[in-house]
Amino acid sequence: MARLGLRRFPPLMLLLLLLFTLVVAEVAAGKGKKRGDGGGGLRFRREGGTFKVLQVADMHYADGRSTGCEDVLPEQVAGCSDLNTTAFLYRVIRAEDPDLVVFTGDNIFGADSTDAAKSMDAAIAPAITMNLRWAAVLGNHDQEGTLSREGVMRHLVGMKNTLSRFNPEGVEIDGFGNYNLEVGGVEGTLLANKSVLNLYFLDSGDRSTVWWIPGYGWIKASQQAWFKQTSLSLQKNYRNEEPRQKEPAPALAYFHIPLPEFSSFTASDFTGVKQESISSPSINSGFFTTMVEAGDVKAAFIGHDHINDFCGKLTGIQLCYAGGLGYHAYGKAGWSRRARVVSVQLEKTVSGEWQGVKSIKTWKRLDDQHLTTIDSEVLWNRGSNGRRRKDHDRS
């Protein structure tokens with residue numbers, strides 16, 4: 001009967017009817033969007049009041065089984081390949097069940113990749129297969145293959161389950177992959193429609209584009225201007241829109257290349273290890289100061305230097321390496337590949353209502369027999385001025 005009814009309409013009218021239906025559906029979806037959904041529906045869990053992020057740094061993925069491993073023990077060489085990277089990522093995803101996976105650059109090693117798009121698909125595949133939402137930034141090796149830096153980011157933005165964005169709309173900005181995500185409070189609570197945790201992602205560049213300045217790239221003035229404006233807007237909304245909050249929602253920042261401030265620590269004032277020099281840009285563009293002045297970022301997470309995995313606190317911000325996860329990336333034989341986990345915990349009232357963020361905790365997972373957890377510590381506690389407390393390692 002429906003087919004008979006449709007035959008009465010000319011083809012053009014049917015097309016217009018279809019377009020009208022799509023527009024109405026789009027408008028309805030827009031009206032139903034609430035604050036806190038700016039992260040593609042990211043939200044704290046009702047059970048436990050937590051939001052967990054798995055950081056994956058420096059996979060250096062290339063051509064899968066045919067790509068060998070770097071810096072492993074002699075007995076590990078035979079049969080070791082990119083597939084070891086994939087296997088570890090699957091293991092840690094199953095163990096941690098994260099709400100978001102963040103890939104912090106050098107996701108592929110473009111120079112050794114036959115097809116950059118296929119390599120990226122394979123590198124990210126575990127997150128997609130496990131139906132997890134994920135986000136990515138670029139490193140300094142992603143664009144060295146068959147795709148330009150812009151092309152790599154466009155490919156990432158088009159992949160399944162991605163929350164990655166090319167750049168903010170209508171903003172003149174350097175780099176590719178500068179964006180933010182909002183994490184809403186627990187569904188059904190007073191803060192359900194507010195972003196109680198903010199996530200910033202920035203393109204830290206690859207090599208310097210200024211011929212007389214050697215070394216790696218840096219976060220440019222245009223990116224910092226966007227960050228400042230975004231942070232200011234998010235804080236204003238959080239404090240002024242009902243229900244009003246006294247303090248800004250905490251935020252985390254993710255990018256690839258370390259800031260010069262990562263060189264500020266000694267072994268006595270960080271948790272983890274520093275086994276290589278800090279490969280930061282040769283100039284300081286001031287992004288650390290920009291974050292301090294903004295006041296909402298509690299921790300920044302990077303990759304790039306594969307055998308550093310420490311966290312150190314400077315002027316109220318925790319600066320954290322993840323440690324390298326990829327087997328085609330350089331490492332240290334006998335020193336396990338690893339991934340960093342961040343767990344954000346909400347406050348709970350006496351009556352059982354979930355509130356804003358109470359604490360931010362982190363630990364690392366090693367690719368060993370037991371998937372060992374090490375260096376568990378509290379990065380930030382509301383009301384404690386961010387004092388560090390290191391827990392006993394878990395295994």
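The values are calculated or read from the model by the stated rules, or taken from the named source; none is laboratory data. None of the values given here were measured: they were computed from a predicted structure. Cβ atoms come from the backbone with ideal geometry, glycine included; neighbour counts cover every protein chain shown. In case anyone asks, the SASA skips ligands and DNA or RNA and just uses the protein heavy atoms, side chains included. Shrake-Rupley method; radii C 1.70, N 1.55, O 1.52, S 1.80 Å.
Keeping all protein chains in place, calculate the accessible area per residue for the chain (probe 1.4 angstrom), answer in Å².
45
Hydropathy first: keep DSSP H helices in the chain averaging at least 1.6 on Kyte-Doolittle, then drop any whose Cα extent along the axis falls short of 15 Å, and list what survives.
Helices meeting the span and hydropathy rule in the chain are 11-31.
Please list, in chain and number order, the residues 5+ apart from A253 or on another chain whose amide H is under 5 Å from its amide H, with Hs placed from the backbone.
Answer set, sorted by chain and number: Y200, A299, A300, F301.
Using a simple spin-label model with points 7 Å from Cα along the Cα→Cβ vector, what separation in nm is obtained for T289 and E187?
Once both label points are built, they end up 4.6 nm from each other.
Over region 49-381, what is the relative contact order in whole percent, taking alpha-carbon pairs under 8 Å and six or more residues apart?
The value is 20 percent.
Around L147, which amide H atoms from residues at least 5 apart in sequence, or from another chain, sit under 5 Å from its own amide H, with H modelled in the peptide plane?
A116
Using 0.36 nm per residue, how much length does the chain from W211 to A95 gain when fully extended, once their Cα-Cα distance is taken away?
This chain segment gains 37.2 nm when fully extended.
How much length is gained if the chain between K348 and L73 is pulled fully straight, taking 0.36 nm per residue apart and subtracting their Cα-Cα distance, in nm to one decimal?
Here the segment from K348 to L73 would lengthen by 94.3 nm.
Filter the cross-link list K246/K313; K313/K361; K220/K358 down to pairs whose alpha-carbon distance in this structure exceeds 21 Å.
Result: K246/K313; K220/K358 exceed 21 Å.
Which distance in nm do the two modelled labels at D121 and N237 give, with both placed 7 Å along the Cα-to-Cβ direction?
3.5
If I model a spin label as a point 7 Å beyond the Cα along the Cα-Cβ vector, how far apart are those points for E169 and K332 in nm?
4.7
How much of the accessible area of region 251-336, probe 1.4 Å, is carbon plus sulfur, in whole percent?
In region 251-336, the share of accessible area belonging to carbon and sulfur is 49 percent.
So what J values fall out for region 41-57 if you push phi through Karplus, 6.51 cos²θ - 1.76 cosθ + 1.60 with θ = phi - 60°, rounded to Hz, Gly and Pro as x?
Taking θ as phi minus 60°, the curve returns x, 5, 7, 5, 7, 5, 7, x, x, 10, 9, 10, 10, 9, 9, 10, 10 Hz for region 41-57.
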